[in-house]
Every structure is written in C-alpha cells, then in structure tokens.
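Enquirer: Dropping the structure in here first, questions after.
The values are calculated or read from the model by the stated rules, or taken from the named source; none is laboratory data. Being a predicted model, the structure only gives us computed values, none of them experimental. Cβ placement follows ideal geometry from the backbone for every residue including glycine, while neighbour counts extend to all protein chains displayed. What goes into the accessible areas is simple: the full protein's heavy atoms, side chains included, and nothing from ligands, DNA or RNA. Shrake-Rupley method; radii C 1.70, N 1.55, O 1.52, S 1.80 Å.
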Amino acid sequence: MIWADTIVQGVLLGGLYALFAAGLSLVFGIMRLVNLAHGDLIVMAAYLILVLVTLLGIDPFLAALISAPVLFGIGWLLQMHVLNRTLGPDILPPLLVTFGLSIVIQNALLEGFSADSQRLSVGALETASLALGPLNVGVMPLLTFLSAVLVIVGLNRLFYSTSLGRAFRATSDDAVTASLMGIRPQNIFATATGIAMVVVTIAALYLGTRANFDPTIGPARLIYAFEAVIIGGLGSLWGTLAGGIIIGVAQTLGAAINPEWQILAGHVAFVIVLLFRPRGLFPRAVD
C-alpha cells in the first residue's frame with residue numbers, strides 16, 4: 001500500500017505540472033513560440049493573487065477569479081505589442097525577448113516583494129483529506145489534478161467545437177492563407193496568449209497554495225513545464241497531462257527511495273522517454 005500511495009500522490013502531483021505546462025503547450029501549438037518567461041509569469045500571477053488576498057481579505061480562489069481577466073489582458077497586450085513582432089522563421093528573436101522578459105519580471109518582483117518566500121493560505125483545505133478505499137488523498141492535490149483535467153478538456157473543446165478554435169487551427173496551419181479568409185493572425189495569437197495566461201492564473205493558484213514561492217523560482221517551474229510538454233509531444237494537450245503525470249510519479253518514487261533523488265528522478269524519467277520516443281509520446285500540432 002505504501003507504493004500504491006506513492007504512485008497516487010505522484011499522479012496528483014503530475015496535475016500541477018500539467019497546469020504549469022498547458023499554457024506553454026497551447027502557445028507553442030498555435031504559433032510555435034517558445035516562451036522562456038512562462039515560469040516567471042506563473043510566479044507573477046501568484047503574487048497578484050497574494051496582493052488581492054492581502055488587500056481585500058478575500059479567499060485565494062476568489063482572488064484567482066478576479067486575477068484571471070487581468071492576466072488575460074496582460075497576455076493579450078504582451079503578444080500584440082511585443083511577441084508578435086518577434087514571430088517568423090527564425091526562432092531566436094522570441095527566445096531572446098522572452099529571456100529578457102524573464103529577467104525583468106524576476107527583478108521587478110524582487111524589488112516589489114523582496115526575496116522572502118510567500119504562501120497562499122486556504123485554511124482547513126490545506127490539511128483536509130478524503131478516504132479513497134485504503135488510501136487517504138489530500139483535498140488540495142485532488143483539486144489540482146481535477147482542475148488540470150478540466151483545463152485540458154476545456155481547451156480541447158475550445159479548439160474543436162468553436163469558431164475561435166477553427167480560427168486557431170487555421171492560423172496555426174497557414175497564417176497567410178487564414179488572413180486571406182478574413183482572419184487577423186495577430187489578433188488570434190494575442191487571444192491565444194490571453195487564454196494561456198488564464199491557465200497560468202490557475203497554475204499560480206495551486207502553486208501558491210501547495211508550496212512556498214519567491215521571485216526566483218520561475219525558471220524551475222519552466223523546466224518542469226518544458227519536460228511535461230516534450231514528454232507528451234509538442235503541442236499535444238493530453239500529452240502534456242501524461243507528461244506531467246510521468247514526471248510526478250517519477251519524483252514521488254525517487255523520493256520514496258531516497259529524498260535526495262526526488263528532483264533527479266523526474267529528470268531521469270524525461271531522458272528515458274526521449275531515448276525511446278524523441279518526438280514525445282503523442283506528437284501532433286494541437287490536441
């Protein structure tokens with residue numbers, strides 16, 4: 001039962017990593033943009049939620065609900081006025097710009113909030129658990145995993161059941177032809193980044209409620225997100241969830257053997273998957 005509990009905890013942890021990665025996968029799937037500031041944007045969103053909780057005295061979940069449209073607007077403006085200018089056949093400009101953005105965000109957060117670690121409190125939910133047969137599962141990890149599944153389901157329905165999703169797919173396939181059909185790729189890309197920032201808000205909520213955070217942890221979250229995206233297959237949303245679960249299970253199994261091996265075990269699992277499936281488990285443009 002100890003190993004069964006370890007695996008279940010790893011699956012639930014994978015939900016958090018999938019939330020980290022879903023926005024990254026979405027943006028890459030539509031516009032082939034690798035955002036090196038993605039982890040720092042998650043941390044920035046966590047601080048925005050913290051500010052609302054502190055100033056208004058509201059629950060972190062309500063603060064995240066208020067933050068989501070704000071971050072959608074930030075993502076839309078960032079893509080429209082900065083990142084759209086870097087898109088093209090050369091992948092270097094967006095890498096350089098988002099790397100610079102990462103540094104700016106980290107230093108701005110350090111100036112505004114210091115290097116002290118923070119946490120979002122959700123009261124009794126932090127220690128609440130549910131009995132699932134012989135296993136006890138924490139409520140917050142379970143909420144995190146269910147949120148990740150709902151996000152993946154929602155994004156897939158958006159892509160395949162709405163006119164906006166058809167515009168996303170058409171622009172991703174051929175932006176020039178899509179523009180001849182009356183679609184404005186710049187607006188579509190900006191909307192996609194705005195939606196990715198809403199997912200970032202959800203990831204930030206669970207990051208802040210399940211662990212301490214500080215202005216410098218963004219790059220580490222980015223690594224987990226990249227590994228989940230690459231394991232699942234670039235642009236595959238369901239693959240991203242599978243990638244997050246693989247990393248989470250590897251980490252909890254490694255920690256069960258030796259606590260010092262937790263982070264290393266996740267990276268080893270990433271390398272092993274790449275050895276056998278270099279393009280990831282479910283490689284496709286957007287799914």
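Enquirer: Top mean-square fluctuation among GLY239, GLY208, GLY165, Gaussian network model of the chain, C-alpha springs under 10 Å?
Expert: Of GLY239, GLY208, GLY165, the most mobile in the Gaussian network model is GLY165.
Enquirer: Based on DSSP H runs of at least 4 residues, each adding -39500 (n - 2.57), what is the mean residue ellipticity at 222 nm of the chain after dividing by all its residues, to the nearest 500 deg cm²/dmol?
Expert: Values: 11 runs with 210 residues, N = 287.
Mean residue ellipticity, 222 nm, calculated: -25000 deg cm²/dmol.
Enquirer: May I pose another question? At 7 Å along the Cα-to-beta-carbon direction for both ALA115 and ARG166, put a label point, then send me their distance in nm to one decimal.
Expert: With each label placed 7 Å out from Cα toward Cβ, I get 5.4 nm.
Enquirer: Considering the dipole of the chain built from charges on the beta carbon (Lys and Arg +1, Asp and Glu -1) around the Cα centre, which of LEU65, LEU207, MET181 is farthest to its positive end?
Expert: After comparing all options, I get MET181.
Enquirer: Next question. Once the other residues with Cβ under 15 Å from the Cβ of GLN106 are scored (Lys, Arg +1; Asp, Glu -1), what is the net sum?
Expert: It works out to a net charge of -3.
Enquirer: Turning to a different aspect of this structure: Share of the stretch 6-82's accessible area from carbon and sulfur, percent, 1.4 Å?
Expert: 81
Enquirer: Just tell me, in residue order, which DSSP H segments of the chain are both 24 angstrom or longer along the helix axis (alpha-carbon based) and at least 1.0 in mean Kyte-Doolittle hydropathy.
Expert: Long hydrophobic helices here: 2-31, 38-56, 60-81, 92-113, 139-161, 185-210, 237-257.
Enquirer: While we're looking at this one, here's another question. Run the dipole for the stretch 110-232 about the Cα centre, Lys and Arg Cβ at +1, Asp and Glu Cβ at -1, nothing else charged, and hand back the magnitude in debye, nearest 20.
Expert: 380
Enquirer: Of GLY138, THR6, PHE168, whose Cα points farthest to the positive end of the dipole of the chain (charges on the beta-carbon: +1 Lys, Arg; -1 Asp, Glu; origin at the Cα centre)?
Expert: PHE168
Enquirer: Something else now. Sorted by mean Cβ packing within 10 Å, highest first, what order do the peptides 131-141, 34-44 take? Display every interim value, and only then the final one.
Expert: Numbers: 131-141: 13.5, 34-44: 25.2.
Those peptides, ordered most packed to least, come out 34-44, 131-141.
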